[in-house]
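Trainee: First the structure, which I've put down as structure tokens, then a few questions once you've had a look.
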Amino acid sequence: MFSIEHKQEIMKLLGESGCYFLSTLFLAERISGKKIEPLETFVLCIEKGIIDNDGTVLDAGKLMSVMTDMDFQAKKCTPDYIAQPGEFEVLVFSNEKHTHFVAGDGRGGVACDPLGHSQTVATGRVLSKRIFYRT
């Protein structure tokens, strides 16, 4: 189990497999209007079973709910799904080697890539979308 005292280990995990978490964090800050501390939030979500020990998001709706203090659900949608008013999207890009999550702009474009300019986005295609909506 991780604790905040193991910051370097946490940062390594975020760097290697935290793109879904960081994309959700970007959207959560926009939704809530508040700055969210990523390391403490990441550890809290591991402790709550929302994220597993390898950084995989297990419950995206709960992740967004913890970050925003609002009730959210998430659904997996096809690449051609158009976000409705009040919905927020994370895009899942894939190329021959990797899969990468980025925050979407609600119209299928990239609003924030946690890696800046990832090769997976540059050379890949949108495989699916994760859509967040209030409950």
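Trainee: Per-residue accessible area for Val121 at 1.4 Å probe radius, Å² rounded to 10?
Mentor: Val121 exposes around 40 Å² with every protein chain in place.
Trainee: Would segment 1-72 count as rounded, prolate or oblate if I go by the C-alpha gyration tensor, calling it rounded below 1.5 in a/c and otherwise prolate when a/b exceeds b/c, oblate otherwise?
Mentor: Prolate.
Trainee: With helices defined as uninterrupted DSSP H runs, which ones in the chain have an alpha carbon span along their own long axis of at least 20 Å and mean Kyte-Doolittle hydropathy of at least 1.6?
Mentor: none
Trainee: Now for a different question. P(r) for the chain, please, calculated from all Cα pair distances in 10 Å bins and given in %.
Mentor: In order of increasing distance, the bins hold 13, 45, 34, 7, 0 percent.
Trainee: What lysines does Lys62 reach when the alpha-carbon gap must be under 22 Å and sequence neighbours fewer than 8 apart in one chain are set aside?
Mentor: Partners found: Lys34, Lys35, Lys48, Lys75, Lys76, Lys129.
Trainee: Moving on. Give me the percent of accessible area attributable to carbon and sulfur for the chain, probe 1.4 angstrom.
Mentor: Of the solvent-accessible surface of the chain, carbon and sulfur hold 50 percent.
Trainee: Now for a separate question. On average, how much accessible surface per residue is there in the chain, in Å², for a 1.4 Å probe, leaving out ligands, DNA and RNA?
Mentor: Spelled out: the 1.4 Å probe surface of the chain, per residue, equals 55 Å².
The values are calculated or read from the model by the stated rules, or taken from the named source; none is laboratory data. Computed from a predicted model, the values in this text were never measured in an experiment. Note: areas computed on protein heavy atoms with side chains; ligands, DNA, RNA excluded. Shrake-Rupley method; radii C 1.70, N 1.55, O 1.52, S 1.80 Å.
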